[in-house]
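Coordinate-derived values only; no laboratory data. If you're wondering where the values come from, they're calculated on a predicted model, not measured in any experiment. As a convention, Cβ positions derive from the backbone with ideal geometry for all residues, glycine included, and neighbour counts pool all protein chains shown.
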Amino acid sequence: MTLLGHLSLWLAFLVGLWGAITGFVGGAQGRADLQQSARHATFALFAALVVAVVSLEVAIFRHDFSLEYVAAYTSRNLPTFYLWSALYAGQKGSLLFWATVLSLFAALAQLLTSRRHRVYLPYVAAVTCLVATFFISVMLFAANPFQRLAFAPLDGSGMNPQLQNPGMVFHPPMLYLGYISITIPFAFAIGALLSKQLDTEWLTAIRKWTLVSWLFLSIGLLIGMWWAYVELGWGGYWAWDPVENAALLPWLVMTAFLHSVMIQEKRGMLKKWNLGLIIGAWLLSIFGTFLTRSGVIASVHSFTQSPVGYFFLAFLVLAAVASFTLYVIRLPLLATEARLESMVSREASFFFNNLLLIGLAFSVLWGTLFPILTEWVRGVKITYGPATFNFVNIPLGLVLLLLTGIGPLIAWRRASLPNLRRQFAVPVTSGVFMLLILLVAGMRDLGPLLAISIGAFVSATVIQEFTRGARARHRQYGEPIAYAVVQLLTRNRRRYGGYIVHVGIVLLFVAFAGMAFKTETQATLRPGDSVTLKSPYGHMYTFTHVSVSQYNQLNREITAALVDIRRDGKPIGRLRTEKRQHVDALGRPTFEPSTAVGIRSDVREDLYVVLGGLVNGTEEAVYRFTINPLVWWVWFGGFVLVIGGLIVLWPGGGSAPGARGRTQRAQAGYTVKLEAGR
């Protein structure tokens with residue numbers, strides 16, 4: 001199987017080169033035979049890479065430690081659940097996973113794209129084959145997952161304990177899927193530039209792909225936050241880690257694109273901007289891959305330093321130069337069809353929204369690169385820490401949240417004063433009322449005050465939009481209000497699903513604001529000793545050290561501690577927290593000890609207990625106790641965001657009410673009337 005996997009990589013390399021050449025030449029010369037050959041090359045590329053993946057997985061499950069990759073990332077006592085994830089646990093396997101998924105998306109793009117967009121497909125095949133060929137070449141010449149050892153050890157090194165978490169099975173694939181799927185919109189953008197077909201057709205062709213990419217990135221980021229929270233034991237879910245930032249960057253740019261593309265579709269504006277955003281998002285996905293694999297930054301996510309980083313840096317530079325050279329050449333063809341008529345219009349609010357998102361992306365990018373740049377220039381690495389990130393990004397984020405509520409309230413082209421008064425009356429009143437409630441309740445922290453008050457404003461905007469739409473359907477069709485809301489979602493998924501995404505964003509912002517009130521303490525306790533900690537809600541929690549137990553389980557030695565918890569003197573439960581020392585099949589320690597956090601969560605706050613260790617082998621334990629407000633709402637807000645994204649992505653749009661003989665034209669008339677009334 002190992003030889004088969006190695007040969008399949010070479011076959012994929014040759015097929016990828018052929019697909020790239022025939023795609024570019026066939027598209028440029030209009031030769032149907034070469035275009036068809038490029039299309040078939042994407043299918044053959046996927047087949048060859050699937051063979052390579054199956055070969056590596058077979059080696060992993062058979063514990064073939066003659067393979068360097070299998071010996072480095074698995075062991076005989078590694079639970080089967082994590083053997084699957086060993087495929088992408090290391091650098092070499094993750095490159096194979098990336099190339100294979102990219103080839104799958106390339107094949108799907110050829111199969112699923114509408115016939116009216118066929119003009120782009122030869123170039124799409126060429127670009128996707130070229131990118132996949134690069135990844136394959138990195139494997140063949142620098143990081144081959146099928147590299148053999150001189151001799152096979154009896155057992156492998158095993159997987160890092162921090163990776164032995166359910167998050168490992170879901171977080172990397174979701175993030176990779178988001179990264180990789182950006183290549184498809186990028187390929188269509190290059191196809192549009194090369195074919196000079198720069199109207200809105202290429203945007204229509206990539207609409208679902210951009211949503212898929214954004215949705216996968218969103219899910220990947222959210223699962224990564226949860227994984228960091230439950231696994232690392234530091235009490236938070238976002239640390240502005242460089243590789244966290246690298247994943248956030250394309251998400252911010254894709255979010256900007258999903259908003260600005262509506263302006264181009266509606267008004268024929270921002271053609272240059274939208275093309276630049278797609279190219280930039282893809283380059284940022286490659287940049288993130290470079291950061292992870294270059295070793296130039298210190299991160300819990302990074303692979304060890306290797307020559308792979310140089311390959312990615314060279315590819316990133318060449319791709320950026322080629323893409324933007326083509327972009328500049330085609331600028332004369334990207335003239336706008338309309339002008340911004342008023343700064344008080346939906347176009348203007350969307351554009352400001354874009355500027356803020358790009359401002360956030362630039363801030364995160366600069367903060368990520370700053371230590372590298374200072375080391376190159378001054379020889380000293382100066383860190384751009386979380387406090388600085390928060391100082392810059394929190395104000396930008398709050399203004400962005402405010403625009404989330406403002407945009408839907410303003411009409412296209414130009415808003416009239418009576419229209420603004422009618423639209424803003426309820427949302428502004430809701431935001432101000434919430435601000436007064438918080439001030440009366442004693443809240444004085446500016447950030448949380450603004451986040452929650454603006455959140456109330458945005459929520460009122462969304463409720464108002466749903467209410468007006470439902471009432472309009474009730475008046476026109478006689479539908480019950482609840483059914484009318486469902487119909488709104490069914491018939492205009494893009495708009496109303498987007499509003500649900502906005503609700504998810506509101507919940508996330510409010511939940512993030514809760515962390516400003518986290519409290520924590522450390523204590524060394526003997527069995528029976530207690531420590532108290534006051535929560536932001538005024539509750540007094542008492543943590544009592546009960547006992548310590550030590551035992552072996554699967555591939556680890558566990559030291560577990562039990563803590564009784566009382567709230568205002570009443571018992572509410574018991575938490576268990578562990579220190580784990582992973583061992584190999586012979587019982588020898590591997591890696592550093594890891595932590596299993598004890599968490600008790602409700603809608604108000606999380607109790608977060610971490611065992612630091614034991615004192616001199618006794619049952620006296622060192623603990624850190626933390627109270628994190630509103631963490632539950634982070635996960636719920638993420639869930640709402642994903643549901644909204646799925647609604648937008650869901651195919652189809654329904655039909656007009658057949659029972660009353662309504663036609664699609666009547667439905668369109670309702671939409672026009674509703675829009676005109678705004």
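Results, tabulated for the structure shown:
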| read-out | value |
| --- | --- |
| Kirkwood Rh (inverse of mean 1/r, distinct Cα pairs), the stretch 1-164, angstrom | 16.5 Å |
| Distant alpha-carbon pairs in the stretch 379-457 (separation over 18 angstrom), percent | 55 percent |
| Mean Cα-pair separation over length for the stretch 521-633, i.e. relative contact order, pairs under 8 Å, 6 or more apart, % | 22 percent |
| Between the stretch 84-152 and the stretch 193-231, the alpha-carbon center distance in angstrom | 18 Å |
| Neighbour-count order for Leu356, Leu396, fewest beta carbons within 10 angstrom listed first | Leu396, Leu356 |
| Order by protection proxy (mean Cβ within 10 Å, highest first), peptides 422-432, 178-188, 282-292 | 178-188, 282-292, 422-432 |
| Rough spin-label spacing in nm, given labels placed 7 Å along Cα→Cβ, for Leu331 and Leu449 | 4.6 nm |
| Kirkwood-based shape ratio for the stretch 522-588, expressed as Rg/Rh from alpha carbons | 1.14 |
| Burial ordering of Leu248, Leu646, fewest other beta-carbon atoms within 10 Å first | Leu646, Leu248 |
| Electrostatic dipole magnitude of the chain [Cβ: Lys, Arg +1; Asp, Glu -1; Cα centre; debye, to 20] | 2720 debye |
| For Met1, Met262, order by how many other beta-carbon atoms lie within 10 Å, fewest first | Met1, Met262 |
| Under Karplus coefficients 6.51, -1.76 and 1.60, residue-wise ³J(HN,Hα) of the stretch 257-269 in Hz, glycine/proline x | 4, 4, 7, 6, 5, 5, 5, 5, 5, 7, 10, x, 9 |
| Computed [θ] at 222 nm, deg cm²/dmol, the chain (DSSP H ≥ 4; -39,500 (n - 2.57); rounded to nearest 500) | -21500 deg cm²/dmol |
| Long-range HN-HN contacts of Arg148 with modeled amide H, under 5 Å | Glu68 |
| Where labels lie 7 Å past Cα in the beta-carbon direction, separation of Tyr551 and Glu619 in nm | 1.6 nm |
| The stretch 1-164: relative contact order as a whole-number percent, Cα under 8 Å and 6+ apart | 36 percent |
| Isotropic mean projected area of the C-alpha convex hull, the stretch 521-633 (nm²) | 7.7 nm² |
| Of (i) 79, 68, 54; (ii) 81, 57, 55; (iii) 77, 70, 61, the label for Cα extents along the principal axes in Å derived from the coordinates | (iii) |
